[in-house]
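Below is one structure, written out as structure tokens; the observations come after it.
The values are calculated or read from the model by the stated rules, or taken from the named source; none is laboratory data. Everything quoted here is computed from the prediction, not taken from an experiment. Positions of Cβ are generated from backbone atoms using ideal geometry, with glycine treated the same way; all protein chains shown enter the neighbour counts.
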Amino acid sequence: MLKSIENIGAIVISSLEQTGRTFNLLLIVFWELLQPPYRLYPIVRQMYFIGARSLTLIIVSGVTIGMVLGLQFYNILERFGAVDLLGAGVALSVIRELGPVMTSLMVVGRAGSSITAELGIMRITEQVDALECMAISPGKFLIAPKLVAGLLSVPLLTMVFDFVALFGGYFVGVYMFGLPEGSYMNGMTDAIEWVDVRLGLVKSVIFGLLITLICCARGFYMHLGKAGSQGAEGVSSVTTDAVVMSSIAVLFSDFLIGALI
Amino acid sequence: MSTDNSQRNAISIRNLVVDYGQRRILSDVNLDIPMGQIMVIMGQSGAGKTTLLRCLLGLKKPTSGSVHILGTDIASASLREINKVRIQMGVAFQGGALFSSMSVAENIQLALREHTNLDEKTIEIMTRIKLDMVNMLPAEHLMPAELSGGMTKRAALARAIIMDPKLLFFDEPSAGLDPSTAAELDQLIITLKNTMRMTIVVVTHELDSIFKIADHIAVMSNGLIIETGTPQQITASTNPEIQGMLNRKPRETIVDTDTHLRRLTGGV
């Protein structure tokens, strides 16, 4: 019994330490971002990695999810004789919830995991120490471009996801079930308000920051965790942790934002 | 520590203590490293050599004591002050620690790009000069993954000397290298000292290298510096532990039979 309480206590302390380190890293990086020199190229390079190289995945998953939504909504709405609301249903679900959440989860799986693995390997092969010894801040050199790129890329990818998902729903409604095109489009444009678009974008900015921050922090501080001295196994373990933690953070903050805004 | 001593010594370590949790890794280490000399820190595995090196590089804050490098106590200095010292230092890590996403040339140029306003042409020429010094000119455009162990160490050395540092640190320069490549690196270290007048600190346990390159040797054991002196003084030492290291004798672990059995059976 006592042992179980000790274990729970240890987990709570370790989680609090991790959270503290993560937000400390955020403050350090934002402070260092304000210091000269200001360089755009590393951010563009990371945007290519996080954003452009995720584009195919986002388009494929966006179209698929839009089609699935179209299919499910049509079956439900048909029972109530309200198939005219298909466009509105798909658009509201995608723009307010599924767009930012699914995009963020896809980015976590594709780019977040490799950010953690890259930083973890740099840590265990003394590359981070080498940077410090060259009087180059690892926060500014390694973390800041990734964080800014995540902050900018996720909202852009979300817009792409939203667009192709709406197209997926349109394809199912209009071409598979023969809904009039005007009915789908009018339903969509009537239902969507600026506040919905803004909510989706706010979510995607917050998710972009959260996932890149968590993935960077888990890799960068891997030597401080239990897995610190475990080499390849340690890297694999922190990478899994980063993906799980980022996904939970996205889902939980989605709920919080939804409840607060 | 007098001002005269500070000026003559590139590094002065006083009463350095480092603990990791409950374990004491370094106990009251004192050491002076004179300007323009090669100091080899030797000792068996687990003696505390790497921890001492990390303290010298400002990567590990000691529990107590002082580490004066080029006049700055980096044990108590701010990060900004430590970085001012670091710009005058070069470090070649054991595994090279080259940035895997950059070519050899880009690795070497990084410090110049970050800390100077030199134009592209000058940076390229300086990179080639350093690569030539370490016989790596043909490998300029290779990626770190394409290099052999010896090439990696030489590329790391070129990166370490790109800013013409006053102090050069080497962690196990010849570890994992064949004898002829190790001898080449030893020669390179001596050449660097003579041509660039650097103070060089080498952490190693390779006896052949030690006696070839060292002006001074500090012998470590169990977190303590047990002897310092010239290679001749160390060879003549009567300390049985040093003689054991020099004659490659296995460490004696004196444990009585009962204790040994208890350890094996877990006290059952």
Practice item. Residues that are of a type outside the set (Lys, Arg) and more than 14 Å from chain A (Cβ to nearest Cβ): find the helices (runs of 4 or more DSSP H) completely inside the range B:1-98 holding 2 or more of those. Key: B:3-8
Check your understanding: Do the conditions hold for A:Ile115, that is, is it within 14 Å of chain B (Cβ to nearest Cβ) and assigned to a loop (DSSP other than H, G, I, E, B)?
Key -> no
**Study point:** Subset of the range B:216-236 [hydroxyl-bearing (Ser, Thr, Tyr), surrounded by fewer than 17 Cβ atoms within 10 Å (Cβ to Cβ) and touching an Asp or Glu at 6+ places or on another chain (Cβ under 9 Å)]
**Key:** B:Thr230
Check your understanding: Among the residues of the range A:60-70, is there at least one that is in contact with a Phe, Trp or Tyr (Cβ under 7 Å, 6 or more places away or on another chain), within 29 Å of A:Ala217 (Cα to Cα) and part of a helix (DSSP H, G or I)?
Key -> yes
**Study point:** From B:Asn135, B:Asn107, residue being facing chain A (nearest Cβ under 10 Å), in contact with a Leu (Cβ under 9 Å, 6 or more places away or on another chain) and not aromatic (Phe, Trp, Tyr)
**Key:** B:Asn107
Point to revise | Within the range A:17-48, tally of residues that are farther than 21 Å from A:Ser153 by Cβ and of a type in the set (Val, Ile, Thr) | key: 2
Exercise for review: Those residues that are crowded, with 20+ Cβ neighbours inside 10 Å, under 24 Å from the mean Cα position of the chain (by Cα) and facing another protein chain (nearest Cβ under 10 Å), I need them from the range A:123-141; list them, please.
Suggested key: A:Lys140
Review point. Does B:Gly90 satisfy being under 15 Å from B:Arg154 (Cβ atoms) and without any contact (Cβ under 8 Å) to a residue 60 or more places away in the chain?
Key: no
Practice item. Please indicate, with yes or no, whether at least one residue in the range A:3-14 is in a helix (DSSP H, G or I) and in contact with a Ser or Thr (Cβ under 9 Å, 6 or more places away or on another chain). Key: no
Check your understanding: Is at least one residue of the range A:198-206 more than 30 Å from A:Ile124 (Cα to Cα), out of contact with any helix residue (DSSP H, G or I) (no Cβ under 8 Å at 6 or more places or on another chain) and surrounded by fewer than 20 Cβ atoms within 10 Å (Cβ to Cβ)?
Key -> yes
Check your understanding: Looking only at helices (runs of 4 or more DSSP H) that fall completely inside the range B:100-180, which ones have 2 or more residues that are surrounded by fewer than 21 Cβ atoms within 10 Å (Cβ to Cβ) and modelled with pLDDT of 95 or more?
Key -> B:104-115, B:120-133
Revision key, fill the gap. Of the residues in the range A:64-91, those that are surrounded by fewer than 19 Cβ atoms within 10 Å (Cβ to Cβ) and under 21 Å from the mean Cα position of the chain (by Cα) come to A:Thr64
Point to revise | Residue match in the range B:67-80 (condition: buried (at least 16 other Cβ atoms within 10 Å of the Cβ), in contact (Cβ under 8 Å) with a residue 40 or more places away in the chain and in contact with a Ser or Thr (Cβ under 7 Å, 6 or more places away or on another chain)) | key: yes
Revision key, fill the gap. Filtering the range B:193-213 down to residues that are surrounded by fewer than 21 Cβ atoms within 10 Å (Cβ to Cβ) and in a helix (DSSP H, G or I) yields B:Lys193, B:Asn194, B:Thr195, B:Met196, B:Leu207, B:Asp208, B:Phe211, B:Lys212
Check your understanding: Can you find a residue in the range B:45-55 that is without any contact (Cβ under 8 Å) to a residue 40 or more places away in the chain and more than 16 Å from the chain's Cα centre (by Cα)?
Key -> no
Review point. Considering the range A:1-34 alone, what residues qualify as being loosely packed, with under 10 Cβ neighbours inside 10 Å and not aliphatic (A, V, I, L, M)?
Key: A:Lys3, A:Ser4
